[in-house]
Amino acid sequence: KKKTSDALAVKNKEIEKQKEVIQSSLGEKETLLREIHHRVKNNLQIISSLLNIQSSHIQDENVLSSIQEGQNRVQAMSLIHQNLYQSEHLSNVDIQNYLQQLVAYLSETFAGQSKDIKVTVDAPNINFDIDTAIPLGLIINELVSNAYKYAFDKHGKGNINISIKPKSGDDYELEIRDDGKGLPTDTDMEKSSSLGLKLVKILSRQLRGTFSSRSDKGAVFLVQFKDLRAYQTSQS
């Protein structure tokens, strides 16, 4: 019995040592991943700053607008990495928190146009990994920026509502709705030459989804998409 007890004690010690090695390895990997997200975020913000410096020497309004659009896209990605390195779970982005940060940034960006626009976000208890969060964030950046620029009169008031709802399985629906002027009657999303809308269509396909729009007391944009991580898991 004593030999059996001693053997069990030795085995337990070995198991405890293995656990310590595994925990140490996981801790090192988590620290490294957190640092990577932090550095990516910082590098993206450097790019944004360079674009800002470049824009200070440009007078052409169209060129300035293009640079601003580029900055907004970079910031949308930067905020994803900021959320990830600050998150307890490094593989998940808290979408409600992320969108509130993105909305605050866009509100500040367009504040110079003297528009009194209220933006609300409704995406509670939704978490996506980086492969879904980045294209989704870029889609929302494009559509909210579009609403700021075109949906309302220059000095008008208005509302923009962003909601993400789970459907069935790994399917979700993004709706961005404003109470502005609505879409022009000749708007054809398939033939639109707008770079922003082309990006939205490409990114929607990347999310295994579809993009549509309509007028309903303003403009309504819908993206049906999949949580790519859940979708890929279900296919394996």
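Sort 70-82, 46-58, 216-228 by packing, meaning the average of other beta carbons within 10 Å per residue, with the highest value first.
Packing proxy ranking, top to bottom: 70-82, 216-228, 46-58.
Going down the list Lys41/Lys226; Lys157/Lys201; Lys157/Lys198; Lys165/Lys226, which pairs span over 18 Å between their C-alpha atoms?
Values: Lys41/Lys226 25 Å; Lys157/Lys201 28 Å; Lys157/Lys198 28 Å; Lys165/Lys226 11 Å.
Table pairs above 18 Å Cα-Cα are Lys41/Lys226; Lys157/Lys201; Lys157/Lys198.
Taking the stretch 1-111, how much of its Cα-Cα pair set, in percent, is spaced more than 24 angstrom apart?
Details: 3054 of 6105 pairs.
More than 24 Å apart: 50 percent of the Cα pairs in the stretch 1-111.
Output the Cα-based Rg and Dmax of the stretch 122-236 in Å, rounding Rg to one decimal and Dmax to a whole number.
14.6, 52
How far is helix 95-109 tilted off the main Cα axis of the chain, in degrees rounded to 10, range 0 to 90?
Helix 95-109 and the main axis of the chain meet at about 40 degrees.
Per residue, what volume in Å³ does the convex hull of the Cα atoms of the chain enclose?
Convex hull of Cα atoms, per residue: 150 Å³.
Can you give the Rg to Rh ratio of the stretch 50-89, both from alpha-carbon atoms, with Rh computed by the Kirkwood formula?
Radius of gyration over Kirkwood radius for the stretch 50-89 works out to 1.20.
Compute the acute angle (0 to 90°) between the alpha-carbon long axis of helix 61-86 and the principal axis of greatest extent of the alpha-carbon atoms of the chain; round to the nearest 10°.
20 degrees
Skipping prolines and chain starts, which residues have an amide H placed within reach, meaning under 5 Å, of the one on Gly180, given they are 5 or more residues away or on another chain?
The answer is Ala219.
Give the accessible surface of the chain per residue, rounded to a whole number of Å², with probe radius 1.4 Å and ligands, DNA and RNA excluded. Write out the running numbers ahead of the final one.
On the way: 14020 Å² over 236 residues.
Per-residue accessible area for the chain comes out at 59 Å².
What is the percent carbon and sulfur in the accessible area of the chain, measuring with a 1.4 Å probe over the protein chains and ignoring ligands? Could you put the intermediate results ahead of the total?
Working: 7130 of 14020 Å².
For the chain, the apolar C and S fraction of the accessible surface comes to 51 percent.
The values are calculated or read from the model by the stated rules, or taken from the named source; none is laboratory data. Fair warning: this is a prediction, and the values are worked out from it, not measured in the lab. In this analysis, Cβ positions are derived from the backbone assuming ideal geometry, glycine residues included, and neighbour counts consider all displayed protein chains. Just the protein is used for accessible areas: all its heavy atoms, side chains included, with ligands, DNA and RNA removed. Shrake-Rupley method; radii C 1.70, N 1.55, O 1.52, S 1.80 Å.
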